[in-house]
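Structure, as structure tokens:
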Amino acid sequence: MQRRALIVDDEPATCEMIRKVLYAAGVDALTLTQSVQASSYLDEGKFDMVFLDLHMGSPDGIELSREMRKSGYNRTTPIILLSDDQRPSAMSLGFEAGASFFLYKPIDKERLLKLIRATQGRMDHERRQTRRVPFQSKVKLRFGFEEIMCESVDVSLDGMLVRTPRTLPAGSSVQVSMELSQRMKPLVGAGSVVRLLGGNQMGIHLDRLPVGESERLQEFLLPMIHRD
């Protein structure tokens, strides 16, 4: 069966570029430049992936993402949010609304292809958005003037679980530095403690990663998610 995608963006050139890349990957795409038309198409049938512009006329990408996640054919369909908003808070808002991946404008074709490949086969939104990839690496947390050396247990697109010599109160803001590999510079950003487990583990929400670091983390995890 032919795979189908929906692209909703008020920039025709962006729609056309994504459509061509999808077509080359064997995916048929419907493009819309008027977001008000999107709801009816989403209610009428299932799509294998949906691309939504974060900032456009109402309903924007956030509103459509929330609408999709509530019910209907596309409740678990992967959502790729398109954005030129460089604020980390925009990414956090997108994930909270139900986005599976983020793609920054101007869109890089190679990065787009990686996302398309990662969504091949059966997809489940919750598994992809918060999919925890087992990954052990050194993590340094800075809390005020204190440094805590930890080890990651697993990592997702927007957070990590770490094993730590001592825990911090839930809600604590921390600076994070995590080694991805010996050949790559550490991932650096900020987050907050969202849960405590077993007395020696903390869940860290990476809600304040710089744009470049968010993209590095996504590209690092995509091959591992794809193999699952």
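The values are calculated or read from the model by the stated rules, or taken from the named source; none is laboratory data. Everything quoted here is computed from the prediction, not taken from an experiment. Because the Cβ atoms are built from the backbone with ideal geometry, glycine has one as well, and the counts that use them run over all protein chains shown.
It is to be established whether one or more residues within segment 71-89 are among the aromatic types (Phe, Trp, Tyr), at pLDDT 95 or above and not assigned by TED's automatic domain parsing to the domain that holds Leu206. Don't jump to the end; show me each part of the working.
Our first condition is that a residue be among the aromatic types (Phe, Trp, Tyr); within segment 71-89, this holds for 73.
Narrowing the set further to residues that are at pLDDT 95 or above leaves none.
So far as segment 71-89 goes, no, none of its residues is among the aromatic types (Phe, Trp, Tyr), at pLDDT 95 or above and not assigned by TED's automatic domain parsing to the domain that holds Leu206.
For segment 48-64, give me each residue that is closer than 21 Å to Lys114 by Cβ and in contact with a helix residue (DSSP H, G or I) (Cβ under 8 Å, 6 or more places away or on another chain).
Across segment 48-64, the qualifying residues are Met49, Val50, Phe51, Leu52, Asp53, Leu54, Gly61.
Scan segment 1-40 for residues that are basic (Lys, Arg) and part of a helix (DSSP H, G or I) and jot them down.
Arg19, Lys20
Anything in segment 193-214 that is under 19 Å from Phe102 (Cβ atoms) and either β-branched (Val, Ile, Thr) or in contact with a Leu (Cβ under 9 Å, 6 or more places away or on another chain) (or both)? List them, or say none.
Ile204, Leu206, Leu209, Val211, Glu213, Ser214
Scanning segment 153-172 for residues that are in a strand (DSSP E or B) and in contact with an Asp or Glu (Cβ under 9 Å, 6 or more places away or on another chain), which turns out modelled with the lowest pLDDT?
Applying the filter and picking the extreme gives Gly159.
For segment 44-114, which strands (runs of 3 or more DSSP E) that fit wholly inside it have 3 or more residues that are not aliphatic (A, V, I, L, M)?
101-104
Per-residue answers, yes or no, for (1) over 26 Å from Leu81 (Cα atoms); (2) of a type outside the set (D, E, K, R); (3) surrounded by 14 or more Cβ atoms within 10 Å (Cβ to Cβ); (4) not assigned by TED's automatic domain parsing to the domain that holds Ala99:
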| residue | (1), (2), (3), (4) |
| --- | --- |
| Val155 | no, yes, yes, yes |
| Asp158 | no, no, yes, yes |
| Ala170 | yes, yes, no, yes |
| His205 | no, yes, yes, yes |
| Val211 | no, yes, yes, yes |
| Glu215 | no, no, yes, yes |
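Out of curiosity, is Val193 outside the structural domain of Lys114 (by TED's automatic domain parsing), of a type in the set (Val, Ile, Thr) and in contact with a helix residue (DSSP H, G or I) (Cβ under 9 Å, 6 or more places away or on another chain)?
Numbers: outside the structural domain of Lys114 (by TED's automatic domain parsing): yes; of a type in the set (Val, Ile, Thr): yes; in contact with a helix residue (DSSP H, G or I) (Cβ under 9 Å, 6 or more places away or on another chain): no.
Answer is no for this residue.
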